[in-house]
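Remarks on the structure that follows.
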Amino acid sequence: MVEKLTGAARTEAIAGLDGWSEVEGRDAISKSFRFSDFAEAFGFMTRVAFHAEKADHHPEWFNVYSKVEIVLTTHEADGVSERDIALARTIDGMS
Ligand SMILES: C[C@H](O)[C@H](O)[C@H]1CNC2=NC(N)=NC(=O)C2=N1
C-alpha cells in the first residue's frame, strides 16, 4: 500500500522536481518534453516504457511528432505518491 502525498510534503516533493507541475482538476503531476524529431521522442518513450514496466508504475502520455506530454498519478493512492516523484526523476534522467 502506498499513501498519497498531502500538504507540505506534497508541495515540497513537487517543487523539488525539474519542471513538473500539478494537473488542474485531478491529483496528478505533468510535464511536457520536446525533442528534435519523432525518432528522439520515441526513443525517449521506449526508455521510459522499459523502466516503467520493470517498476510496475506507468506514465499516461500523449505524443505528437517531437512532443511528449506525461501525466503521473498513483491509482491505489488516488493521488500523487512517492512512486510518481521517483518516476518523474527517472524520466528526467532519460530525457
Ligand atoms: C495492478 C497494477 O499494479 C497497477 O495498475 C499499477 C500499474 N501501473 C501503474 N502506473 C501508475 N502510474 N499508477 C499506478 O497506480 C499503477 N499501478
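For segment 43-60, state whether one or more residues are of a type in the set (Asp, Glu) and touching an Asp or Glu at 6+ places or on another chain (Cβ under 6 Å). No, there is no match, as no residue in segment 43-60 is of a type in the set (Asp, Glu) and touching an Asp or Glu at 6+ places or on another chain (Cβ under 6 Å). The condition of being in contact (Cβ under 8 Å) with a residue 60 or more places away in the chain, surrounded by 18 or more Cβ atoms within 10 Å (Cβ to Cβ), under 13 Å from the mean Cα position of the chain (by Cα) and under 18 Å from residue 28 (Cβ atoms) does not hold for residue 70. Checking each residue in segment 13-23 for being farther than 20 Å from residue 93 by Cβ and not in a loop (DSSP other than H, G, I, E, B) picks out only 22.
Whether any residue in segment 7-24 is within 11 Å of the ligand (Cβ to nearest atom) and either among the small types (Gly, Ala, Ser) or within 14 Å of the chain's Cα centre (by Cα) (or both) is what I want to check. No - not one qualifying residue is present in segment 7-24.
Each value in this text was obtained by applying a stated rule to the coordinates, not by laboratory testing. Owing to the predicted nature of the structure, the values given are computational and were not obtained by experimental measurement. Cβ: placed from backbone, ideal geometry, glycine included. Neighbour counts: every protein chain shown.
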